[in-house]
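The values are calculated or read from the model by the stated rules, or taken from the named source; none is laboratory data. Model, not experiment: these values are computed from the prediction. We place every Cβ from the backbone using ideal geometry, glycine too, and count neighbours over all the protein chains shown. With ligands, DNA and RNA removed, areas are computed over all heavy atoms of the protein, side chains included. Shrake-Rupley method; radii C 1.70, N 1.55, O 1.52, S 1.80 Å.
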Amino acid sequence: MSEIFDISYDEIKIIKNLWEKNRQYHENTSEYFKESYRNINFEQRIGALGALNRETIKISVAKVDDEYIGYCISTEVDGKGELESIHVDETRRGNGIGKELVVKHIQWMNEKDCKVIGVTVSQENESTIGFYKKLGFYPNTLYMQQK
C-alpha cells in the first residue's frame, strides 16, 4: 500500500530519479523530439519552478516502504492551474497511484479557485492522453513545432 503526501520545494531532490525516468521515457517514446527531451535537465526545470511563490506550487510524492514510486507537481498562477509533471514508476502503474495524485492536485487547484485547470501532454503519448481523458481532460489546442 502506498502513502501519498506533500513535500516542500526545498525537498524536491527526493524526486530527481523519478523525474529522470520520466524524461527518459519521453526521450525514448518521442518520434520527432528526442533531442528536446535529451537536453532537459532536472536542475534547470526545477529551478524554473523555484522562481514561483511557494504558495502557488504543490509537490506530492507516493512512497511504498522506503521507496519513492511517484510524484506530481502542479502550479497555480493567476487563476490557472497546471499539472506540470507527473510520473509513476513503470512497475507500479495500473494501481491508481497516478489517478490519486492527479485528483489530489485538482482538488488543490479548485481550492485555489482556478478558473482553468490544464496539462500539456505530448501528442505522441497516447496512453497518457487516455489517462487524462478518464479524469475529465480533453484536447483544447494543438501546438505544433518544427523539428
> Based on what the data block shows, is Ile46 at pLDDT 90 or above and either of a type in the set (Ser, Thr, Tyr) or closer than 29 Å to Asp78 by Cα (or both)?
Replying inline: no
> Considering Val77, Val121, Val116, which residue is among the β-branched types (Val, Ile, Thr) and under 13 Å from the mean Cα position of the chain (by Cα)?
Replying inline: Val121
> In the stretch 1-29, what residues are open to solvent by less than 80 Å² (accessible area, probe 1.4 Å) and hydrophobic (A, V, I, L, M, F, W, C)?
Replying inline: Ile4, Phe5, Ile7, Ile12, Ile14, Ile15, Leu18, Trp19
> Just checking, how many residues over the stretch 124-146 are touching a residue at least 12 places away in the same chain (Cβ under 8 Å), closer than 21 Å to Tyr25 by Cα and surrounded by 11 or more Cβ atoms within 10 Å (Cβ to Cβ)?
Replying inline: 4
>> Against the condition touching a residue at least 12 places away in the same chain (Cβ under 8 Å), of a type in the set (Gly, Ala, Ser), open to solvent by less than 50 Å² (accessible area, probe 1.4 Å) and under 19 Å from Ile15 (Cβ atoms), how does Gly50 come out, does it pass?
In response: yes
> Here are some conditions: (1) within 15 Å of the chain's Cα centre (by Cα); (2) open to solvent by less than 80 Å² (accessible area, probe 1.4 Å). Ser36 meets all but one. Which one does it not meet?
Replying inline: (1)
> With (1) modelled with pLDDT of 95 or more; (2) open to solvent by 70 Å² or more (accessible area, probe 1.4 Å) as the list, and Gly98 as the residue in question, which single condition is left unmet?
Replying inline: (2)
> Across the stretch 103-123, what is the total count of residues that are open to solvent by 50 Å² or more (accessible area, probe 1.4 Å) and over 14 Å from Glu82 (Cα atoms)?
Replying inline: 1
